[in-house]
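First up is the structure itself, then whatever we jot down about it.
The values are calculated or read from the model by the stated rules, or taken from the named source; none is laboratory data. None of these values were measured; they are calculated from a predicted model. Glycine gets a Cβ as well: all are built from the backbone with ideal geometry, and neighbour counts include every protein chain shown. In case anyone asks, the SASA skips ligands and DNA or RNA and just uses the protein heavy atoms, side chains included. Shrake-Rupley method; radii C 1.70, N 1.55, O 1.52, S 1.80 Å.
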Amino acid sequence: PKPSEITPAVRMKSYACQRRTPLKHHNSFLTDALEILAQNAEFSENEGRSVAFRRSASVLKALPHVVRSMDNLKDLPCLGEHSLRVIKALTNVFGVGVRTADRWFREGLRSPLDLIPTGQKLNHAQQAVEYYNDLNTPVTKKEAMVISDIVDKAVKAVLPGAIITLSGGFRRGKEVGHDVDFLITHPEEGAEERLMPKIVNWLDDQGLLLYQKTTRNSYLESKDGPARPASNMDRFERCFSIFKLEQLDSDIHAKASSYNSGKTAGMEERHTGSIWRAVRVDLVVSPYSQFAFATLGWTGSKLFERELRRWAGQEKGMSLSSHALYDSKQQRYLRANSEEEIFAHLGLEYIPPSERNA
Ligand code: GTP
Ligand code: MN
Ligand code: MN
């Protein structure tokens, strides 16, 4: 019988000091992930969440067997909703790297099946794993350039005169990334409103999208300037998407030699007439008046951004977001038309994107 069939229900005490926890155990794949999340919560000073993740991990360490399904977790103590969702996402997809699972979870995907467009007849689970594998493969600069051309074409088709910039890691000069990030605006304030659904429709009509989730702009302007956002999360119209990217001949050969031949065969099976792969793409639309702040905020690195905000708050009594810069002493917003101006407002020497890889 398979192990999951003979797994007995485990009675587990709720305090770690009431049970035995060996150093070597059966669930490191899950506990490593939970502990990364615990550490992450600790860094963002969420003590409660951090302890909750550690408690869940600790319960899994004390189990005498490998967790193979959610059924194995019935009646176990200390497994909060959040931890259960992480475990579910991880047990559902065999072979997903822990870092990827964590990142996807943060980006809003709760299960690999979230990726599958509804109403599709293919083998969903198998397809989800294919996507996961693709998305575990770094995006090259060459692929980013191909996607740039596509996005450029899409945006210009639905809004002539729009400006599209590559942001994120590729703007900082990285050779590979986990996704490709774009920021879009138009010099005529207001022309960018409700632009995302048009872009998405255009891309979808061309068969270029495997998945997309658009979030509407929720940032309201008051007459004195933009309202202050409640948190660091920005409120731009944003699209979390997965592109269906045609593979370049040279890349297919590179893949065929680096993977075993089974993978290449798999790649050919799932398409009709062409070879493609899944690539994560982030699209963000910003009003022109906030474009400099959005550009700075979406170029990264994440640590560079965090440090910029800390500098602004602690050293300058200012509050920086991807929308605006607020000066608490003067009680007003400081306008800027370029990243250079923002650095100047902050009393910082200008640092170009290629030097923001903190
Ligand atoms: P790779 O994609 O791994 O190459 O790195 P990256 O630096 O491009 O990271 P990522 O695509 O995750 O993010 C790019 C930039 O966008 C970073 O500076 C993030 O801080 C920023 N970013 C990502 N998501 C959000 C968000 O929801 N709000 C805001 N304001 N910024 C975000
Ligand atoms: Mn990126
Ligand atoms: Mn991104």
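Report the residue count in the range 323-345 for those that are in contact with a strand residue (DSSP E or B) (Cβ under 6 Å, 6 or more places away or on another chain) and open to solvent by 80 Å² or more (accessible area, probe 1.4 Å).
Residues in the range 323-345 being in contact with a strand residue (DSSP E or B) (Cβ under 6 Å, 6 or more places away or on another chain) and open to solvent by 80 Å² or more (accessible area, probe 1.4 Å): 0 in total.
Could you check ALA312 against (1) surrounded by 12 or more Cβ atoms within 10 Å (Cβ to Cβ); (2) more than 26 Å from the chain's Cα centre (by Cα); (3) more than 26 Å from GLY177 (Cβ to Cβ) and say which number it fails?
All conditions pass for ALA312, except number (2).
Please specify each residue of the range 136-149 satisfying the condition of being in contact (Cβ under 8 Å) with a residue 24 or more places away in the chain and either closer than 14 Å to GLU192 by Cβ or assigned to a helix (DSSP H, G or I) (or both).
If the condition is that a residue be in contact (Cβ under 8 Å) with a residue 24 or more places away in the chain and either closer than 14 Å to GLU192 by Cβ or assigned to a helix (DSSP H, G or I) (or both), then ASN136, LYS141, LYS142, GLU143, ALA144, VAL146, ILE147, SER148 are the ones that fit.
Among the candidates ALA358, ALA278, ALA292, single out the residue that is under 25 Å from the mean Cα position of the chain (by Cα) and in a loop (DSSP other than H, G, I, E, B). First the steps, then the outcome.
Values: ALA278 fails: in a loop (DSSP other than H, G, I, E, B); ALA292 fails: in a loop (DSSP other than H, G, I, E, B).
Only one candidate qualifies: ALA358.
I'm trying to understand the selection: among the residues of the range 150-189, which are within 16 Å of ligand 2 (Cβ to nearest atom) and assigned to a helix (DSSP H, G or I)?
Start the filter on the range 150-189 by keeping residues that are within 16 Å of ligand 2 (Cβ to nearest atom), which leaves 151, 164-184.
Once the filter is applied, which keeps residues that are within 16 Å of ligand 2 (Cβ to nearest atom) and assigned to a helix (DSSP H, G or I), the range 150-189 yields VAL151, GLY168, GLY169, PHE170, ARG171.
Return the residues of the range 30-67 that are in contact (Cβ under 8 Å) with a residue 60 or more places away in the chain, in contact with a Ser or Thr (Cβ under 9 Å, 6 or more places away or on another chain) and assigned to a helix (DSSP H, G or I); say none if nothing qualifies.
Let us first name the residues in the range 30-67 that are in contact (Cβ under 8 Å) with a residue 60 or more places away in the chain, namely 30, 32-33, 36-37, 40, 65-66.
Subsequent filtering for residues that are in contact with a Ser or Thr (Cβ under 9 Å, 6 or more places away or on another chain) retains 30, 37, 40, 65-66.
LEU30, LEU37, ASN40 - these are the residues of the range 30-67 that are in contact (Cβ under 8 Å) with a residue 60 or more places away in the chain, in contact with a Ser or Thr (Cβ under 9 Å, 6 or more places away or on another chain) and assigned to a helix (DSSP H, G or I).
May I ask you to say which residue of PHE304, PHE343 is assigned to a helix (DSSP H, G or I), closer than 24 Å to VAL180 by Cα and outside the structural domain of ASP179 (by TED's automatic domain parsing)? Working first, answer last.
Values: PHE343 fails: closer than 24 Å to VAL180 by Cα.
Being assigned to a helix (DSSP H, G or I), closer than 24 Å to VAL180 by Cα and outside the structural domain of ASP179 (by TED's automatic domain parsing) holds for just one of PHE304, PHE343, which is PHE304.
Examine the range 294-308 for a residue that is among the polar types (S, T, N, Q), at pLDDT 95 or above and either surrounded by fewer than 17 Cβ atoms within 10 Å (Cβ to Cβ) or over 30 Å from LYS244 (Cβ atoms) (or both), and state whether such a residue exists. Outline the logic, then answer.
Step one: list which residues in the range 294-308 are among the polar types (S, T, N, Q), which gives 295, 299, 301.
After this cut, where a residue has to be at pLDDT 95 or above as well, the list is 295, 299.
Filter again for either surrounded by fewer than 17 Cβ atoms within 10 Å (Cβ to Cβ) or over 30 Å from LYS244 (Cβ atoms) (or both), leaving none.
Within the range 294-308 (the criterion being among the polar types (S, T, N, Q), at pLDDT 95 or above and either surrounded by fewer than 17 Cβ atoms within 10 Å (Cβ to Cβ) or over 30 Å from LYS244 (Cβ atoms) (or both)), the answer is no, since none of the residues qualifies.
Taking the options ARG49, ARG19, name whichever one is under 30 Å from ARG306 (Cβ atoms) and either buried (at least 19 other Cβ atoms within 10 Å of the Cβ) or at pLDDT 85 or above (or both).
Working: ARG19 fails: under 30 Å from ARG306 (Cβ atoms).
Of ARG49, ARG19, the one residue that is under 30 Å from ARG306 (Cβ atoms) and either buried (at least 19 other Cβ atoms within 10 Å of the Cβ) or at pLDDT 85 or above (or both) is ARG49.
What are the pairs, 6+ residues apart or on separate chains, where a residue within the range 167-196 that is in contact (Cβ under 8 Å) with a residue 12 or more places away in the chain has its Cβ under 6 Å from a residue that is among the basic types (Lys, Arg) and within 16 Å of ligand 3 (Cβ to nearest atom)?
ARG172/ARG356; GLU175/LYS141; ASP179/ARG280
Does ALA9 fit the bill of being at pLDDT below 85 and in a loop (DSSP other than H, G, I, E, B)? Break it down into steps so the answer makes sense when it comes.
Details: at pLDDT below 85: yes; in a loop (DSSP other than H, G, I, E, B): yes.
So ALA9 fits the description; yes.
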